[in-house]
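The values are calculated or read from the model by the stated rules, or taken from the named source; none is laboratory data. Being a predicted model, the structure only gives us computed values, none of them experimental. Because the Cβ atoms are built from the backbone with ideal geometry, glycine has one as well, and the counts that use them run over all protein chains shown. Quick note on the areas: whole protein, heavy atoms, side chains included, nothing else; ligands and nucleic acids left out. Shrake-Rupley method; radii C 1.70, N 1.55, O 1.52, S 1.80 Å.
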Amino acid sequence: MPRKVNHVSAADHDIVTAAVAAAEARTNGEIVTVIAAQSNDYDDVALVWASVAAFIAMSVIALFPDFYRTLYDRLTGGWGYDLTANEWLGTVIAIGVLKWIGMWLILLWRPLRLWLTPRTILAGRVRARAIDLFKVGTEAKTLGRTGILLYVSLKEHRADIVADEAIAAKVSPDVWGDAMAALIDHVRAGRPGEGMAEAVRQMGVVLAEHFPRGSENPNELPDRLIEL
């Protein structure tokens, strides 16, 4: 069974940092590792779900007006005020607003919000965050443009690899598939540090093949695991 992982330990930091140093000892490539609890708040997803719930509630009342008029009469014991068409419209809108607020409050619980977010959106947001972090901390930060970012987002259960210009020109994105598979297997088993370390090891093998270590190989980017 997959184990829920929400953070990494000091031992995980040490394992990943050591793996990066070992991998970079054989290549001019520079590996940056970043792990985050979550990549996005998905407020817009909650907004959409709340709006859908409100629309459905109002649509159902509009489609079955007789049922709800009968329900209203039963609730008032038959002594209720006979609402006009405009008053019914206002009531329906008020119910829609209350439904929207109720759904929004429910979706303040982030695990439910994540669960209701489509997988394609999760993957897209993680990819966008990885690219943003890459642009800030890795892109064009090495002399030969040989930086590469390994990014893991725990709550989305997603990871991504973004490579700098020189690496992207020589290495197809699908080459990183084995590294990603190894990472995911370990994370699912509750071992994020070991997963990232194994992914780094496999990334190092690829980098050593295309960018073997030269006589001058300064350490241009940090080896340590960056936790956000």
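So which residues in the stretch 150-178 are touching a Phe, Trp or Tyr at 6+ places or on another chain (Cβ under 9 Å), crowded, with 20+ Cβ neighbours inside 10 Å and more than 27 Å from Val8 (Cα to Cα), if there are any at all?
Ile167 - this is the single residue of the stretch 150-178 that is touching a Phe, Trp or Tyr at 6+ places or on another chain (Cβ under 9 Å), crowded, with 20+ Cβ neighbours inside 10 Å and more than 27 Å from Val8 (Cα to Cα).
When you check Ala181 against the structure, is it of a type in the set (Gly, Ala, Ser) and buried (at least 16 other Cβ atoms within 10 Å of the Cβ), yes or no? Break it down stepwise before answering.
Working: of a type in the set (Gly, Ala, Ser): yes; buried (at least 16 other Cβ atoms within 10 Å of the Cβ): no.
No, not satisfied.
With respect to Trp79, is the statement that it is at pLDDT 90 or above and either farther than 30 Å from Glu216 by Cα or in a strand (DSSP E or B) (or both) true? Explain how you work it out, then say what you get.
Details: at pLDDT 90 or above: no; either farther than 30 Å from Glu216 by Cα or in a strand (DSSP E or B) (or both): yes.
For Trp79, the condition - at pLDDT 90 or above and either farther than 30 Å from Glu216 by Cα or in a strand (DSSP E or B) (or both) - is not met.
Looking only at the stretch 183-228, which residues are touching a His at 6+ places or on another chain (Cβ under 9 Å) and not in a helix (DSSP H, G or I)?
Taking the stretch 183-228 as the starting set, the residues that turn out to be touching a His at 6+ places or on another chain (Cβ under 9 Å) are 184, 187-188, 192-199, 224-225, 227.
Within the stretch 183-228, Arg224, Leu225, Glu227 qualify.
Do we find that Ile148 is modelled with pLDDT of 90 or more and of a type outside the set (S, T, N, Q) in this structure? First the steps, then the outcome.
Numbers: modelled with pLDDT of 90 or more: yes; of a type outside the set (S, T, N, Q): yes.
For Ile148, the condition - modelled with pLDDT of 90 or more and of a type outside the set (S, T, N, Q) - is met.
Failed condition for Met1, given (1) open to solvent by 50 Å² or more (accessible area, probe 1.4 Å); (2) modelled with pLDDT of 70 or more, with all others met?
Every listed condition holds for Met1 apart from (2).
Which numbered condition in (1) surrounded by fewer than 14 Cβ atoms within 10 Å (Cβ to Cβ); (2) of a type in the set (S, T, N, Q); (3) without any contact (Cβ under 8 Å) to a residue 40 or more places away in the chain is the only one that Gln202 fails?
Going through (1) surrounded by fewer than 14 Cβ atoms within 10 Å (Cβ to Cβ); (2) of a type in the set (S, T, N, Q); (3) without any contact (Cβ under 8 Å) to a residue 40 or more places away in the chain one by one, Gln202 breaks only (1).
Would you pick out the residues in the stretch 22-57 that are surrounded by fewer than 18 Cβ atoms within 10 Å (Cβ to Cβ) and more than 27 Å from the chain's Cα centre (by Cα)?
Ala22, Ala25, Arg26, Phe55, Ile56
Filter the stretch 96-147 down to the residues that are open to solvent by 40 Å² or more (accessible area, probe 1.4 Å), touching a Leu at 6+ places or on another chain (Cβ under 8 Å) and not in a helix (DSSP H, G or I) and list them by number.
The answer is Lys141, and nothing else.
Can you confirm whether Ser215 is open to solvent by 40 Å² or more (accessible area, probe 1.4 Å) and hydroxyl-bearing (Ser, Thr, Tyr)?
Yes: the conditions hold for Ser215.
On the given criteria, is Val200 at pLDDT 90 or above and more than 27 Å from Gln38 (Cβ to Cβ)? Don't jump to the end; show me each part of the working.
On the way: at pLDDT 90 or above: yes; more than 27 Å from Gln38 (Cβ to Cβ): no.
Here the answer is no, as Val200 does not meet what is asked.
Mind checking which pairs have a first residue in the stretch 172-189 that is touching a residue at least 24 places away in the same chain (Cβ under 8 Å) and a second that is surrounded by fewer than 16 Cβ atoms within 10 Å (Cβ to Cβ) and not β-branched (Val, Ile, Thr), Cβ under 6 Å, 6 or more apart or different chains?
Arg188/Pro2
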